[in-house]
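Please read the structure below before turning to the comments.
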Amino acid sequence: MNIAVLSYSFTGNNEALAESVTKKLSGEHIRITTLKPFKMSTLIMDMIFARVPKVQPFPYILQKYDLVLFFGPIWMGQVASPLRAYLNYLKQNPMPYGFLSISGGADGGNHKLSDELLQRTGKHPQLLVDQHIALLFPSNHQVTRKETSFYRINETDIKILTNLAIERINKIL
């Protein structure tokens, strides 16, 4: 099976996990970049106005794969805007996909994520993993948004999260 692992990461967390999972799957890791520099103000405006930034590589590269696994953050309860062009492409060119994310989670779960993915692609993902950074802290610790925003996953986190992701991915392969 020809697997594409697409990642967008503002902090490096999702990219680190995508890279680790790609090695275990022997897939192809494709890093998504925006054509214009991406700043926090851009992020906020994209989320408020539902903008889809121009990205590289172009979404049509997905046509050569049997399965696409997206790795990216959730911003303000929504899929990060740089991933949207690829998700929109899937609506016109359906194919199996999964969505895996490491994001803050200090404010709770992303309950509308599955519905957003359905709306953008026309079908639910075969796999949805919404890992919250808040869950990486000790259970007796009251996690703040600031802590989750600045948290960078370490090698131990990457190993644990990679094993979790691979276990879930193997169920759909």
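Note on Val52 and Thr33: their simple-model spin labels are 2.2 nm apart, each label 7 Å out from Cα toward Cβ. Ignoring lysines fewer than eight residues from Lys54 along the same chain, the ones with Cα atoms less than 24 angstrom from its Cα are Lys36, Lys39, Lys64, Lys91, Lys123.
Packing, as the average of other Cβ atoms within 10 Å across residues, places the peptides 3-10, 119-126 in the order 3-10, 119-126, highest first.
The packing ranking, built from the mean of other Cβ atoms within 10 Å per residue, places the peptides 22-31, 133-142 in the order 22-31, 133-142, highest first. Springs between Cα atoms under 10 Å define the GNM used for the chain, and in it the highest mean-square fluctuation of Pro73, Pro94, Pro53 occurs at Pro94.
Of all DSSP beta bridges located in the chain, what percent are antiparallel, nearest 5?
Roughly 15 percent of the beta bridges in the chain run antiparallel, per DSSP.
Computed from point charges on the beta carbon alone (+1 for Lys and Arg, -1 for Asp and Glu), the dipole magnitude for the range 88-173 about its Cα centre is near 220 Debye.
No lab work stands behind these numbers, since they all come straight from the coordinates. Just so it is clear, the model here is predicted, and its values are computed rather than measured. Using ideal geometry, Cβ is built from the backbone for each residue, glycine included, and neighbour counts are taken over all protein chains shown.
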